[in-house]
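The values are calculated or read from the model by the stated rules, or taken from the named source; none is laboratory data. All figures in this text were calculated on a predicted structure; none of them were measured in a lab. Because the Cβ atoms are built from the backbone with ideal geometry, glycine has one as well, and the counts that use them run over all protein chains shown.
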Amino acid sequence: MSVPNNLNQKIYVAGHRGMVGSAIVRNLQAQGYSHIIVKTHAELDLTNQIQVATFFETEKPDQVYLAAAKVGGIKANNTFPAEFIYNNLMMQSNVIHQAFLFGVRKLLFLGSSCIYPKLAPQPIREDALLAGKLEPTNEPYAIAKIAGIKMCESYNRQYGQSHGIDYRSVMPTNLYGPGDNYHPENSHVIPALIRRFHEAKMGNNPYVVIWGSGTPRREFLYVDDMAAASVFLMELEKNFFDSKVDPMLSHVNVGFGKDYSIIELARMISEVIGYEGEIRFDSTMPDGAPLKLMSSKKLNLFGWRAVTDLEQGLHKTYTSFVENLG
Ligand SMILES: NC(=O)c1ccc[n+]([C@@H]2O[C@H](COP(=O)([O-])OP(=O)(O)OC[C@H]3O[C@@H](n4cnc5c(N)ncnc54)[C@H](OP(=O)(O)O)[C@@H]3O)[C@@H](O)[C@H]2O)c1
């Protein structure tokens, strides 16, 4: 059901230095795509309309993977809400609109599971979108991402027939892997725990304290699987893709399909790292939502499943963490 690969297509991967963008570039290169275009943030500021227009006019790519975004944890989202909504709206509006103006027919927009209502039924299906209130801490970011999905759908609806526009959106669950952010205060749970356990092992600390009860359950997907899913979905034949989505509900969840408690995750990470001390949970600290699992039924219907289990993925991630310490 996928379109035969034309490996000479000119493909622009926006955000190629990020965790997801770099994994998409790895995947495309491994498949033999030979004409991948990338630009650093310094070379091309995607919030700048003129720069983006000039880039598309000059390069005229055939396809775009839009993995550039301003991303961050709860603290950053809470502290800089204006920057999160402005930068993301500008980047995606510039890229999607200029891509359209300069003849790009295929584009994949990367969103996030935070687009879903805070109290969405679990596992979260695509049709939970706009069915309830968002989590307030990252509402500005989520609103920008929802606008990105709706922009893709609107361009498909208005220009699909006349210009052959086929813009798709994917909503990944929590991702981890090489290129993750290990910032001590502003990182996601897997990189934060890898760093903490690694430092505890190196410092011979007898125990590691983890905030919260450890009971919340979360889903994690290895970033190379995310990249594989992105390329897979991009390459699906249009009639087949359209037969499984609605024009105004076209985004596709990308998840692993199974969740783990933070306790299970912490034990697995300590084993992967070889930390032999004790793991303590500080239940006086807040837990967050008890459960967050996406439904990947739609993606499975297309014929795709993740291949890297959590333990394998953590081994690869830790190897890359250690390699980058030097
Ligand atoms: N990581 C996850 O767990 C996760 C989960 C779900 C969804 N996603 C989605 O996946 C996408 C990519 O996330 P990621 O984790 O790969 O983020 P990331 O590692 O922070 O990468 C984002 C990239 O975008 C670039 N960028 C930001 N502002 C830019 C601008 N104005 N002009 C040009 N480039 C700019 C950044 O470059 P600089 O660093 O140089 O600014 C960076 O290379 C996002 O849409 C995110 O919502 C990620």
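Scoring residue 67 on the criteria (1) over 13 Å from residue 13 (Cβ atoms); (2) modelled with pLDDT of 95 or more; (3) within 13 Å of the ligand (Cβ to nearest atom) leaves a single failure, condition (1).
Within the stretch 216-261, the residues that satisfy the criterion of being within 16 Å of the ligand (Cβ to nearest atom) and aliphatic (A, V, I, L, M) are 221, 223, 226, 227, 228, 229, 231, 233, 234, 252, 254.
Would it be correct to say that residue 119 is away from the ligand (no atom under 11 Å from the Cβ), surrounded by fewer than 16 Cβ atoms within 10 Å (Cβ to Cβ) and under 28 Å from residue 80 (Cα atoms)? The answer is yes for residue 119. Residue pairs whose Cβ atoms lie under 7 Å apart, separated by 6 or more positions or on different chains, with the first residue in the stretch 103-117 and in a loop (DSSP other than H, G, I, E, B) and the second within 11 Å of the ligand (Cβ to nearest atom) and not charged (D, E, K, R), are 111/148; 111/169; 111/170; 111/171; 112/171; 112/172.
For the stretch 17-40, a tally of residues being out of contact with any Asp or Glu (no Cβ under 7 Å at 6 or more places or on another chain) and within 7 Å of the ligand (Cβ to nearest atom) returns 5. Restricting the stretch 122-142 to residues that are in contact with a helix residue (DSSP H, G or I) (Cβ under 9 Å, 6 or more places away or on another chain) and among the polar types (S, T, N, Q) leaves a set whose member that is farthest from the ligand (Cβ to nearest atom) is 137. Between 32, 21, the distinction of being touching a strand residue (DSSP E or B) at 6+ places or on another chain (Cβ under 6 Å), closer than 18 Å to residue 232 by Cα and among the small types (Gly, Ala, Ser) belongs to 21 only. Of the residues that make up the stretch 218-237, is at least one surrounded by 14 or more Cβ atoms within 10 Å (Cβ to Cβ), under 27 Å from residue 122 (Cβ atoms) and in contact with an Asp or Glu (Cβ under 7 Å, 6 or more places away or on another chain)? Yes, the conditions are met somewhere in the stretch 218-237. On the stretch given as the stretch 143-188, residues that are touching a Cys at 6+ places or on another chain (Cβ under 9 Å), more than 10 Å from the ligand (Cβ to nearest atom) and part of a helix (DSSP H, G or I) total 0.
For the stretch 90-102, a residue qualifies if it is assigned to a helix (DSSP H, G or I) and more than 10 Å from the ligand (Cβ to nearest atom), and the qualifying residues are 93, 96, 97, 98, 99, 100, 101. Any idea how many residues of the stretch 157-184 are closer than 17 Å to residue 324 by Cβ, more than 11 Å from the chain's Cα centre (by Cα) and touching a residue at least 24 places away in the same chain (Cβ under 8 Å)? Selection size over the stretch 157-184: 6. For the criterion of being crowded, with 17+ Cβ neighbours inside 10 Å and of a type outside the set (A, V, I, L, M, F, W, C), residue 136 fails.
Any residue at all in the stretch 78-89 that's in a loop (DSSP other than H, G, I, E, B) and either among the hydroxyl-bearing types (Ser, Thr, Tyr) or more than 17 Å from the chain's Cα centre (by Cα) (or both)?
Scanning the stretch 78-89 turns up at least one residue that is in a loop (DSSP other than H, G, I, E, B) and either among the hydroxyl-bearing types (Ser, Thr, Tyr) or more than 17 Å from the chain's Cα centre (by Cα) (or both).
Residue by residue through the stretch 77-105, note down the ones that are farther than 16 Å from residue 148 by Cβ and buried (at least 20 other Cβ atoms within 10 Å of the Cβ). Full working, then the answer.
Keep residues of the stretch 77-105 that are farther than 16 Å from residue 148 by Cβ, which gives 77-83, 101-103, 105.
The answer is 77, and nothing else.
Pick from the stretch 41-64 the residues that are within 10 Å of the ligand (Cβ to nearest atom) and without any contact (Cβ under 8 Å) to a residue 24 or more places away in the chain: which of them is farthest from the chain's Cα centre (by Cα)?
51
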